[in-house]
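First up is the structure itself, then whatever we jot down about it.
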Amino acid sequence: MATQTDTTKKSMSSGAKALIATTGGIGLGISIICAAFVAPAFRRICLPYVPATAEQIKNVLHFLPRNGNQVRLLDIGSGDGRIVIATAQQGIKCSHGVELNPWLVWYSRFAALKCGVYPNTRFFCKDLWRFNLKPYDYLVIFGVEQMMDQLENKLILEAPHSKVIACRFPLPNLKPVKSIDAGVNTVWFYNLSENNTSSSRQI
Ligand SMILES: C[S@@+](CC[C@H](N)C(=O)[O-])C[C@H]1O[C@@H](n2cnc3c(N)ncnc32)[C@H](O)[C@@H]1O
């Protein structure tokens, strides 16, 4: 016959099991979410999630048309979708983002819905290096210095008629039409159809 002490011990051990399962589950969940944010650090080119500031977004919008009915724009590495959403709010009817992190992609879709621009936006959960840039008139990149050379080649090959807006780091060999602001807020504007290389580089 079980004594009261036995019953207490039993219920304590099942309570402990439930606690371990819960904390283990929470820990696993957090690790899965964090893994998507840490993963870029293990890629050949590390492009971490650093969202654009309000000033940087304002500078990007400066180079875009107000009424972008015919304009197709892509933010390369779109993070939480803030640039895509801001450009859609400015009137770009077809504003897309490509982003590797699935949590950020789902967050971006939700944020676009909340901001009332969902129909004009699309977020692709894909690797930017395997994503075709050809359909786009405007390409926005907030990158890192190490990727700009390779990205410049991709832009010239796939989107030679597009306009490029680069935040923080410029394209290394192309000559910008214009740049605004200074330091981390600098934004460069390129018109690839003018093919204005700043050096005698052959691709
Ligand atoms: C500097 S953040 C820029 C975010 C956003 N464009 C903005 O300005 O707020 C770069 C983003 O690129 C994403 N990223 C890194 N490597 C990528 C890859 N290979 N393909 C697609 N996205 C990538 C990161 O997850 C991160 O969200």
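The values are calculated or read from the model by the stated rules, or taken from the named source; none is laboratory data. In this text, all values refer to a predicted model and were calculated from it rather than measured experimentally. Quick reminder, even Gly has a Cβ in these numbers, built from the backbone with ideal geometry, and neighbours come from all protein chains shown.
Structure data summary
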| quantity | calculated |
| --- | --- |
| Residues being of a type in the set (A, V, I, L, M, F, W, C) and more than 10 Å from the ligand (Cβ to nearest atom) - total across region 96-131 | 8 |
| Residue among T53, T23 that alone is within 11 Å of the ligand (Cβ to nearest atom), modelled with pLDDT of 75 or more and polar (S, T, N, Q) | T53 |
| Restricting region 60-76 to residues that are more than 16 Å from the ligand (Cβ to nearest atom) and in a loop (DSSP other than H, G, I, E, B), the residue that is surrounded by the most Cβ atoms within 10 Å (Cβ to Cβ) | G68 |
| Evaluation of K134 against (1) exposed (fewer than 15 other Cβ atoms within 10 Å of the Cβ); (2) more than 14 Å from N59 (Cβ to Cβ); (3) within 13 Å of the ligand (Cβ to nearest atom) (one fails), failing number | (3) |
| Residue within region 97-105 that is touching a Pro at 6+ places or on another chain (Cβ under 6 Å) and not hydroxyl-bearing (S, T, Y) present | no |
